[in-house]
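The block underneath contains the structure these notes are about, expressed in structure tokens.
Throughout, read-outs are computed from the coordinates displayed, never taken from laboratory work. Please read these numbers as outputs of a predicted model, since none were measured by experiment. Cβ placement follows ideal geometry from the backbone for every residue including glycine, while neighbour counts extend to all protein chains displayed.
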Amino acid sequence: MKLDWKTCFKIGVSVFLIYIAIRYWDTVAGCISAVIGAAFPLILGGAIAYVVNIPMSFYEKHYFQKKKGKFFAVSRRPVCMIGAILTILAIVALVIGLILPQLGDCVALIAAELPGMFKKLLAFAEDLYIMPENIIDALSAIDLKAQMSNIIETLTSGIGNIVGSVISVVAGVFSGFVTAFVSIIFAIYILLSKDKLQSLCKRLLKRYTSEKVNHSIVYVLTVLDDCFHRYIVGQCTEALILGVLCTIGMTIFRFPYALMIGALIAFTALIPIAGAYIGAAIGAFMIFTESPFQALLFLIFLVVLQQLEGNLIYPKVVGTSIGLPGMWVLAAITIGGGIFGILGMLLGVPIAAAIYRIVRDDVNRGKPDRKRLAI
């Protein structure tokens with residue numbers, strides 16, 4: 001590499017900026033956090049637009065493609081966008097409508113039956129001599145109803161703080177509403193003008209980057225888009241299949257809340273690996289209010305179903321589509337969940353799949369097809 005004054009100047013500026021970032025990291029991190037916080041509605045809007053674009057693109061491919069009239073050309077994008085948004089909202093509303101009411105009833109039933117269940121467990125422990133008598137006597141002396149009343153009084157006391165709490169809640173709700181509103185509006189703008197944005201990005205890359213860098217950026221972005229698209233479609237398909245199978249199986253074995261728990265299992269299955277345990281815990285808790293023995297049978301049934309799903313359905317629907325080995329799927333979920341929680345579990349797999357594909361192509365010295373990878 002030829003070291004002219006421009007190259008030396010760039011190296012010097014880069015080293016100076018790195019030193020400033022390390023020396024004043026707290027200030028730099030605070031500035032980055034402030035920028036991300038200010039741009040969060042736009043980031044959220046971009047994520048919403050990406051998800052909505054998946055069914056929207058499907059609708060655009062089937063919206064009177066053989067019709068050549070001006071009306072169909074003009075109306076295709078807004079009609080398909082509205083259809084995609086309504087589809088997603090309908091699915092979310094259906095899941096919430098099926099789960100929340102009966103889950104609330106189960107919690108209320110557990111709260112009402114808890115004192116009686118507690119006494120029965122103590123009597124059972126006393127009969128089997130699995131606990132010392134002094135501990136049983138101490139636990140029996142506990143008045144759960146009185147304790148629950150004290151908790152409720154404590155939660156409802158402090159009138160002076162209620163006004164401040166209400167103001168904080170209202171401010172939080174209003175801020176969340178404004179963020180959601182701005183995000184949705186931004187997402188709509190992106191979806192309606194996605195072709196123009198795509199063309200603009202192409203021109204900017206062509207103008208300010210070399211041809212080699214341009215192709216590399218296009219290649220990486222295309223791989224990321226392909227992995228995320230395949231993952232979202234495959235995960236939703238797999239969740240739907242699992243939910244239907246769970247509902248059918250629960251109906252055959254006469255478990256209670258079959259339709260609702262099937263919808264819950266399908267919804268939590270969108271979270272890789274951990275989602276199955278979340279859905280199983282909530283479903284078993286709800287069935288436990290009806291029959292503890294059936295709750296145990298439900299867990300056995302779900303374990304068998306999960307094995308069938310993990311060995312037969314998931315590899316065909318999701319695993320093959322993203323091209324990521326099972327070991328790396330587990331590693332991506334573990335690392336992503338440990339760093340970013342639930343969001344990390346959702347994003348870890350497609351990001352890992354993209355990195356895996358890029359590294360694999362580089363190791364194999366495969367040259368990407370420029371026509372196939374064009375944005």
Legend entry - Using a Förster distance of 30 Å, the FRET efficiency for residue 237-residue 290 (Cβ separation, nearest 0.05): 0.45
Inset, instruction - Go through 189-198, 69-78 and give me the packing order, highest mean Cβ count within 10 Å leading. - result: 189-198, 69-78
Inset, instruction - Please list 16-27, 344-355, 294-305 highest first by mean number of surrounding beta-carbon atoms within 10 Å per residue. - result: 344-355, 294-305, 16-27
Legend entry - Calculated FRET efficiency for the pair residue 87/residue 28, C-beta based, R₀ 51 Å, to 0.05: 0.75
Inset, instruction - Provide the packing ranking of 229-235, 34-40, i.e. peptides ordered by the mean count of other C-beta atoms within 10 Å per residue, highest first. - result: 229-235, 34-40
Inset, instruction - Could you calculate the contour length gain from residue 8 to residue 79, that is, 0.36 nm times the residue separation minus the distance between their Cα atoms, to one decimal place in nm? - result: 20.1 nm
Inset, instruction - Can you tell me the FRET efficiency between residue 200 and residue 328 if r is taken as the Cβ-Cβ distance and R0 is 35 Å, rounded to the nearest 0.05? - result: 0.50
